[in-house]
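Okay, structure first, notes after.
The values are calculated or read from the model by the stated rules, or taken from the named source; none is laboratory data. Keep in mind that what you see is a predicted model, and the values were worked out from it rather than measured. Cβ placement follows ideal geometry from the backbone for every residue including glycine, while neighbour counts extend to all protein chains displayed.
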Amino acid sequence: MSDSSVKAALVDRMAAGTPVGMARSVRALSDRALAWLFIAPTIVLLLAINIFPLLWTIYLSFTDYRANRPHADVKNIGLRYYERILNDTDVWHAMQVTAHFVFWTIALETLIGFALAYLIDRRFRGHAFWTTVILIPMMLSPAVVGNFWKFLYQPQIGLFNYAVSFLSGIDPWSFEMLGNVHLAPWAIIIVDVWMWTPYVMLICLAGLRSIPNDIYEASEVDRASAWRQFWSITVPMSMPFIMLAVLFRGIENFKMFDMVNLLTGGGPGSITELASITLKREAFESWKTGYSSAFAIILFVTVFGLANIYVKALNRVKQR
């Protein structure tokens with residue numbers, strides 16, 4: 001018996017076991033209706049996982065609910081928490097720290113990632129091996145990366161201080177990356193750039209390899225220099241991919257938590273306390289559930305609004 005006959009027999013057996021009413025109903029459905037029938041459970045599950053927690057958070061932000069007092073009376077306090085957050089100097093400090101972190105990580109990751117992508121796109125000998133090596137950091141867990149770099153930053157036994165000492169001649173015990181208020185913000189930036197530059201590199205590499213070779217050949221016929229080709233062809237045609245990488249990393253770094261929490265915990269003092277760390281402290285240390293819910297909604301609206309503006313700019317660049 002051939003495979004086709006076996007499959008046909010199985011189909012006939014399944015059809016025979018299907019109730020007549022159900023079979024008629026299925027035959028009457030269009031392809032679009034069948035597609036919605038299959039994806040409906042997934043959509044319902046996604047709505048339950050994403051939409052309900054958002055709506056519940058919005059509701060809690062207007063109340064004085066505390067998670068450690070679940071049986072206490074819950075009072076509706078309106079916009080009081082939103083007003084308090086917008087006038088809280090600690091919150092604005094956390095937002096400034098977050099903005100500093102996001103700006104410098106995106107700037108460095110974009111520059112280094114695009115440079116690496118440009119070099120790898122030259123397809124030199126061993127480029128496949130070095131591409132794999134460069135991708136290793138982004139394959140690691142942020143928790144592993146945080147603990148790994150916390151060890152590297154130790155001034156007595158860590159390798160980072162000794163590497164800086166070897167290159168600059170500075171005493172390796174004369175500075176501490178995680179304990180110095182001036183160096184700690186740059187310590188977390190270095191780790192994030194080390195971990196996520198390969199991600200930006202991959203997106204930029206996709207953009208570089210989407211450029212048709214005919215364009216470069218035509219520019220060579222017009223005697224355009226390599227520098228001119230880079231600024232007039234490579235950068236403009238890769239710009240949508242670069243902007244896409246900036247969008248993804250901006251969203252992720254705005255809500256960065258685990259790696260920074262393991263490295264510094266927001267210290268020394270509050271010099272590296274990102275908005276996400278402040279949110280965690282208010283929610284799970286002070287147990288101000290309503291207050292932290294309002295803060296979470298403000299962060300969500302901020303990211304959503306900035307991302308929406310940025311996407312419109314990205315669409316304009318794509319249409320050029």
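Worth a mention:
- Among residues of segment 166-189, those that are modelled with pLDDT of 90 or more and surrounded by 13 or more Cβ atoms within 10 Å (Cβ to Cβ), counted: 12
- Enumeration of residues in segment 181-222 that are farther than 30 Å from Leu262 by Cα, among the hydrophobic types (A, V, I, L, M, F, W, C) and part of a helix (DSSP H, G or I): Leu205, Ala206, Leu208, Ile215, Ala218, Val221
- Selected residue [farther than 24 Å from Ile211 by Cβ, modelled with pLDDT of 95 or more, under 17 Å from the mean Cα position of the chain (by Cα) and not basic (Lys, Arg)] from Thr98, Thr110: Thr98
- A count restricted to segment 196-250 and to residues that are aromatic (Phe, Trp, Tyr) and either under 18 Å from the mean Cα position of the chain (by Cα) or on the phi > 0 side of the Ramachandran plot (or both) stands at 4.
- Some residue of segment 230-250 being touching a residue at least 24 places away in the same chain (Cβ under 8 Å), surrounded by 14 or more Cβ atoms within 10 Å (Cβ to Cβ) and in a loop (DSSP other than H, G, I, E, B): no
- Met256 surrounded by fewer than 19 Cβ atoms within 10 Å (Cβ to Cβ), among the hydrophobic types (A, V, I, L, M, F, W, C), within 25 Å of Gly305 (Cβ to Cβ) and touching a residue at least 40 places away in the same chain (Cβ under 8 Å): no
- Residue within segment 78-100 that is touching a residue at least 40 places away in the same chain (Cβ under 8 Å), out of contact with any Phe, Trp or Tyr (no Cβ under 6 Å at 6 or more places or on another chain), under 28 Å from Val235 (Cα atoms) and not polar (S, T, N, Q) present: yes
- Within segment 205-228, residues that are assigned by TED's automatic domain parsing to the domain that holds Thr131 reach partners that are β-branched (Val, Ile, Thr) with beta carbons closer than 6 Å, at six or more positions or on different chains, in the pairs Ile215/Ile233.
- Count of residues meeting criterion [over 20 Å from Met195 (Cα atoms), in contact with a Phe, Trp or Tyr (Cβ under 9 Å, 6 or more places away or on another chain) and surrounded by 10 or more Cβ atoms within 10 Å (Cβ to Cβ)] in segment 120-139: 0
- Residue match in segment 92-115 (condition: part of a strand (DSSP E or B) and loosely packed, with under 13 Cβ neighbours inside 10 Å): no
- Among the residues making up segment 267-320, those that are charged (D, E, K, R), surrounded by 13 or more Cβ atoms within 10 Å (Cβ to Cβ) and in a helix (DSSP H, G or I) are Lys280, Arg281, Glu282.
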